[in-house]
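Quick note: the coordinates plus some simple rules give every number you see, no bench work behind them. Not measured: the values here are computed from a predicted model. For neighbour counting, all protein chains shown are included, and Cβ atoms are generated from backbone atoms with ideal geometry for every residue, glycine included.
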Amino acid sequence: MHILLVYPEFPDTFWGFKHALSFIRKKATIPPLGLITVAALLPEDWEKRLVDMNTTSLTQQDIEWADYVFISAMVAQRDSMLKVVKRCKELGATIVAGGPLFLAEEERPPEVDYFVLNEGEITLPEFLRDLEAGNPRHVYSTDSFADMEASPTPMWELLDPRLYSTMAIQYTRGCPFNCEFCNITAMLGHKVRCKSAGQILRELDAIYARGWRKNVFFVDDNFIGNKRKLREELLPALIAWRQGKEEISFQTEASLNLADDPELMNMLVKAGFDAVFVGIETPNEESLAECGKVQNKGRDLVAAVKTMQHAGLEVQGGFIVGFDHDTPSIFQRQIDFIQRSGIVTAMVGLLQAPYGTRLYERLKSEGRLLAGFTGNNTDDTMNFIPKMDPHLLHEGYRRLLQGIYAPRAYYARVRTFLSEYTKSGVVHAKITREEVMGLIRSIYILGIKGKERWEYWRLFFWTLFRRPRLFPNAITFAIYGFHFRRIFEPFI
């Protein structure tokens, strides 16, 4: 049996880092972890081929080679997915589809032969049994959640790591919190299910055997959801595994209450973690209460961010405007918060209501829901009628982006972060040829040609003289800034 696994192309987005990746000649940020996990669930004697359309082209020969085409997609990949489905059907392919995009019935193209939804560890074996028996159903879904210790090691051999800037790995699924706008608990539940430390080490060994020596992103939606197992099992194992592999660093996502646990932060840093994405959302207490973000309420959010920075963790932040309790003052409050906190990578988007969330159901019952959810957090769109005047909301959003991503504001925030950040010394990353060339390209594109050249050189020499150990970070952030301004160019 020949199986072609296809990952559709993403549009140009905040997290795609397309304009930053060009500096180091990489094609994509992270590989399609879900698809290579699905590949590992398929029979061993089946031949598998992966086409990540973010790194390579899908050819007619690929499609004609396949007995089945497996497609996985997120909502942001909708347009590319539809083109792939159309093309495959024109060539007579049998299509199997899964992933978050297809959970809503209206997102299931009629041309797809089989939908294998929810967690593949449960639904894929059922589909394969029915396929072998000759009576597969059109849709496979489940309300159950998979045992993570039964999840296989992804088939890393299907992809070329050299095309990516970061590798990806998953330790947990599920989140103990219940934020109204988040669809993670709808898809994966509140109970945090973990892989064993042994599984994670085998996956890291597989990545290492492929020659990977850089950063690895734990894609968990809340890495600290089960603190006990993390503290007692995984982190000690990671600390031991990294002995002799200090060039490898880790990044992940976590809730803000990480700042309340100095011991856990210290263990994370010792294990090689140097960055964490945190959903901060808003400094407005009423909006935090509205969306059920209980872990962020009643605290000094800036102080929490700086606590993590001082511990050795770069904090990347998610921010939202458009809550029912937001007033026109929220835009300047967000600007002030982001600038004071020194969160360089600040993803600010208008509130969206993804399918399956409590927010989606509430707005539907209130008659405020609209069509058109794009899955892109930063494209100035909403899929519901906001309480604030839409004109004020969109204009305020644009002012907010201008206030944090115009060169002077952005570079000032980089210096704020570099002044606060305590670099651990645990990660000893080797400078690669691509990174040296990235520095040279940054000098030419940003320091000579760029409109921000004065700010670039100011940061360049400020870091060399004041925080020389952080010079690679400074150049990375300068390149990130180029990407962010390209993404937000239509708005600022």
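Details
- Residues whose amide H falls under 5 Å from that of residue 50, counting only those 5 or more places apart or on a different chain, are 5, with hydrogens built in the peptide plane.
- Centre separation in Å (Cα based) which lies between the range 51-103 and the range 269-338: 37
- For the range 193-198, the Karplus equation 6.51 cos²θ - 1.76 cosθ + 1.60, evaluated at θ = phi - 60°, returns couplings of 9, 10, 6, 6, 4, x Hz by residue, with Gly and Pro reported as x.
- Per the Cα gyration tensor, the range 166-420 maps to an equivalent ellipsoid with semi-axes of 33, 22, 16 Å, ordered largest to smallest.
- Karplus (6.51, -1.76, 1.60) ³J(HN,Hα), θ = phi - 60°, over the range 44-55, in Hz, Gly and Pro reported as x: 4, 7, 7, 7, 10, 9, 9, 10, 8, 5, 7, 10
- Under-5 Å amide H pairs with residue 384, H placed in peptide plane, nonlocal only: 370
- Relative pair counts by distance (%), Cα atoms of the chain, 20 Å bins: 22, 58, 20, 0
- The trypsin sites (Lys or Arg not before Pro) found in the range 295-404 that occupy coil by DSSP, while having at most 16 further C-beta atoms within 10 Å, are 297, 299, 368, 387.
- Long-range amide H partners of residue 319 with built H, under 5 Å: 281, 347, 348, 349
- Cβ distances below 4.7 Å define possible disulfide partners, and in the chain the cysteines left without one are 88, 175, 194, 291.
- Rounded to whole numbers, the Karplus 3J(HN,Hα) couplings from phi for the range 427-437 are 8, 10, 5, 8, 6, 8, 4, 4, 6, 4, 5 Hz, using 6.51 cos²θ - 1.76 cosθ + 1.60 with θ = phi - 60°, and x at Gly and Pro.
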